[in-house]
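A.B. asks: Quick one: the structure is below, and I'll ask about it shortly.
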Amino acid sequence: MSENNSEVSTKKYTVWIWILSIVIPVAVAVLFTIRIPGVERLGFLPPIYASINALTAILLIAAVIQIKKGNRILHERLMKTCIVLSVLFLLMYIAYHMTSDATKFGGEGIIKYVYYFILLTHILLSIVVIPFVLVTYVRAISGNFYKHKKIARITFPLWLYVAITGVLVYLMIAPYY
């Protein structure tokens, strides 16, 4: 695909990237305030979505290894899998919080501050990473690999941090469920 065609292709997705980057965090915030009456608490979900975060982190690393080896097809498959896993995580996370009250962290002392630092950065970067993932993906599917690689150097560590800290948050709060 020529540079001009990839630019046109990328631009047609820009509106959708902005819409999703705003709608997803707003929808999550709104859905957090809604409880589904008559539905039993979905307490089995947190270890599942924490495992999905762990698998996402592993696959992100594997995808980077594969592209460095020149295996573009496997890299693409791994990255698409990471996107699907992130969507599954989000759906389960919302479902859990629509059926359960927030769990309070019970730790004390320095660990409390460590937990809240990890939680706060996890939440903020989970919002920030959305447009980065979408732009990185669009640049790849548009064939603009130079710009894809450029933004992927930012997207990868952000997404990896969000995936790993998601697991850490779960492990730190699990005793208090």
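Coordinate-derived values only; no laboratory data. All of these numbers come straight from a predicted model, not from anything done at the bench. Backbone-built Cβ (ideal geometry, glycine too); neighbour counts: all protein chains shown.
A.B. asks: For the chain, compute the number of Lys pairs whose alpha carbons are separated by less than 24 Å, excluding pairs fewer than 8 positions apart on the same chain.
C.D. replies: 20
A.B. asks: Which of the peptides 17-23, 79-85 is most tightly packed, and how do the rest follow, going by the mean number of other Cβ atoms within 10 Å of each residue?
C.D. replies: 79-85, 17-23
A.B. asks: If you take mean projected area of the Cα convex hull in nm² from the coordinates, which of (1) 11.1; (2) 10.5; (3) 9.9 do you get?
C.D. replies: Looking at mean projected area of the Cα convex hull in nm² for this model, the match is (1).
A.B. asks: Using Cα pairs under 8 angstrom and six or more residues apart, how large is the relative contact order of region 3-176, in percent?
C.D. replies: Result for region 3-176 is 35 percent.
A.B. asks: Roughly how many nanometres apart are two label points built 7 Å out from the Cα toward the Cβ at I141 and K69?
C.D. replies: Reported label-point gap for I141 and K69 is 2.6 nm.
A.B. asks: Once you have the Cα-Cα distance between F44 and I110, take 0.36 nm times their residue separation minus that, and quote the gain in nm to one decimal.
C.D. replies: Between F44 and I110, full extension yields an extra 20.9 nm.
A.B. asks: Oh, and also: Enumerate the calculated ³J(HN,Hα) couplings along region 98-105 in order (Karplus 6.51 cos²θ - 1.76 cosθ + 1.60, θ = phi - 60°), each rounded to whole Hz, writing x wherever the residue is Gly or Pro.
C.D. replies: 7, 10, 9, 6, 4, 8, 7, 6
A.B. asks: Also, quick follow-up: May I ask which residue of V28, N71, F44 lies farthest towards the positive end of the charge dipole of the chain, with charges of +1 (Lys, Arg) and -1 (Asp, Glu) on Cβ and the Cα centre as origin?
C.D. replies: Of V28, N71, F44, it is N71.
A.B. asks: Starting from the Cα-Cα distance between I36 and L88, subtract it from 0.36 nm times their residue separation and give me the gain in nm to one decimal.
C.D. replies: So the chain would gain 16.8 nm between I36 and L88.
A.B. asks: Tell me the angle of helix 45-68 to the major Cα principal axis of the chain, expressed in degrees between 0 and 90 and rounded to the nearest ten.
C.D. replies: 20
A.B. asks: Continuing with the same structure: Gaussian network model of the chain, Cα springs within a sub-10 Å range: biggest mean-square fluctuation belongs to which of G109, G143, G166?
C.D. replies: With Cα springs under 10 Å in the chain, the top fluctuation among G109, G143, G166 is at G109.
A.B. asks: Could you give the angle, 0 to 90 degrees to the nearest 10, between helix 110-141's Cα long axis and the longest principal axis of the Cα atoms of the chain?
C.D. replies: Value to nearest ten degrees: 30.
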